[in-house]
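J.: Have a look at this one.
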Amino acid sequence: MRQQRGHLLVNAALAILLFLTNGICASPRSSQRLRRLSSAKAGKEHLHAGFVHNSNSTSQGSYDGGYIYNDEQATIHEDATASNRKCNMSTLQHETALRQLILTITPQDVLDTITSPQSKAFHWLVYEDAIVPPLCPPSLDDIHVDGGYARAVMLLERYAMIAFYYATNGDDWKECSASTINNLCTRTITAQSSEVLSFVIEQAFGDTSTTQHGRKIGTESWLSDTPTCDWGGVGCSYTTDGNNNQGYYTIDQIEFEDNNLVGTLLPELSTLHNLKFLILEKGHLFGPIPSSYGSLSNLRVLDMDYNQLTGNLSIELYDLVELRELDLNDNQLSGTIGTEIGRLSELVYLQVDNNAFEGNIPVEFGGLNELVWAVFHGNNFTGEMPLSVCENRNETSNQKITILTADCLEDGPVVCSCCDYCGEPL
């Protein structure tokens, strides 16, 4: 009798525990959070926001795992074959198609590192993105069919921007954050801070007020359920898919000045093939400038001054032959400036002051006939300012340099008879 009574008490306790657990799982707080999806195959799981990767997926991008989200001991499972109301796919199908697309620009080991900005961005796209209509990932076989290319471009751009958000600690941005605290977004792109920039903008975009579609200037908070081109600090221009003439907007400008960007630069931004302006000044960015940015063949302005960037300028960056402005002053960049700088024949504005560059100032600067502003002081350059640079200041030259600086004070490391200032301009 005593044993039977014990069984009854245990059963009663279990019933109460089950009731409480169901109550937790059904609470509004947990139901609004991420739902998942349990993989049908054992041994392949993803858990995000505290999830653990245990997938045996191959390097070709095949994948049949899922996510399990743990919310304070409450786990919500969703049938992996059920429709997620996105693109007429199951959640698992949507996740797999998106993953295959993203693996074309992000290495699998990076995507599978759960703390990486790329993994967080992928997770957000699969489970949290509420954009209407949804961006449906094409299969790799259908990219050039029925608008597949346009969808692939817009999805990869959205993914790259979300990864950028996580990589720069977006929740702590001063403005345009997804955080409810900092989501005020009055920041719009201007890039009109100098005559040089105004000139470059006119060259890059022309008079967009007279074009059929013009440009889109974002004003919404990031990670909102709006197109990426609507997010603050982002500008987009209209383009068409050459395969079927389908029109869509692509990102051509990212501009954030003094917005508390903290983190590193991701190579995925090189996916933004139409990018013309990358302006991320006065932040707390550290680490190198990715060499992959050299593939941004349309880039006109690269402005990242007043950060903590380190490393050398990779040789690939000298492939930015459309560049008009290179503004990298007040960082911790080092190494030499390569002779390949002569490829930047359109360069108008150069600021590399207050870094740790060394070696000689390349003679190839003298061949940059569009150059009007060249600031070299505050570095470890040595030797003599090339005669070709000084000759580019003559009144008879087609384009004279109006401002030229170096560390050329008496007994200074650089000899420069044609510099305006031997140090900081007054």
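The values are calculated or read from the model by the stated rules, or taken from the named source; none is laboratory data. It should be emphasised that the depicted structure is a prediction, and the values quoted were computed from it without experimental measurement. Don't worry about glycine lacking a Cβ; one is built from the backbone with ideal geometry, like all the others, and counts go over all protein chains shown. To get the accessible areas, we keep the full protein, side chains included, count just its heavy atoms, and leave off ligands, DNA and RNA. Shrake-Rupley method; radii C 1.70, N 1.55, O 1.52, S 1.80 Å.
J.: Within region 271-300, list the residues whose amide N lies under 17 Å from a label point set 7 Å along Cα→Cβ of ASP171.
T.: none
J.: Okay, next question. Looking at the calculated P(r) for region 81-135, what percent of the C-alpha pair distances fall above 13 Å?
T.: The answer is 60 percent, as a whole percent.
J.: Using 0.36 nm per residue of separation minus the Cα-Cα distance, give me the extension gain between GLU391 and THR113 in nm, one decimal.
T.: 94.7 nm
J.: On the accessible surface of region 354-417, probed at 1.4 Å, how many percent belong to carbon and sulfur atoms?
T.: 46 percent
J.: Another question, then. For THR382, enumerate residues with amide H under 5 Å from its amide H, sequence gap 5+ or separate chain, H modeled in the peptide plane.
T.: Answer set, sorted by chain and number: GLY359, ASN360, ILE361.
J.: Here is a follow-up. Given the options LEU409, ILE361, HIS377, identify the residue whose Cα lies farthest towards the positive end of the charge dipole of region 288-426 (+1 on Cβ of Lys, Arg; -1 on Cβ of Asp, Glu).
T.: My answer, from the dipole projection, is ILE361.
J.: Extension gain SER417-GLU340, at 0.36 nm per residue separation less the Cα-Cα distance, in nm?
T.: Gain on stretching SER417 to GLU340: 25.3 nm.
J.: Taking 7 Å along the Cα-to-C-beta vector as the label spot, tell me the VAL132-HIS284 distance in nanometres, rounded to one decimal.
T.: It works out to 3.8 nm between the two label points.
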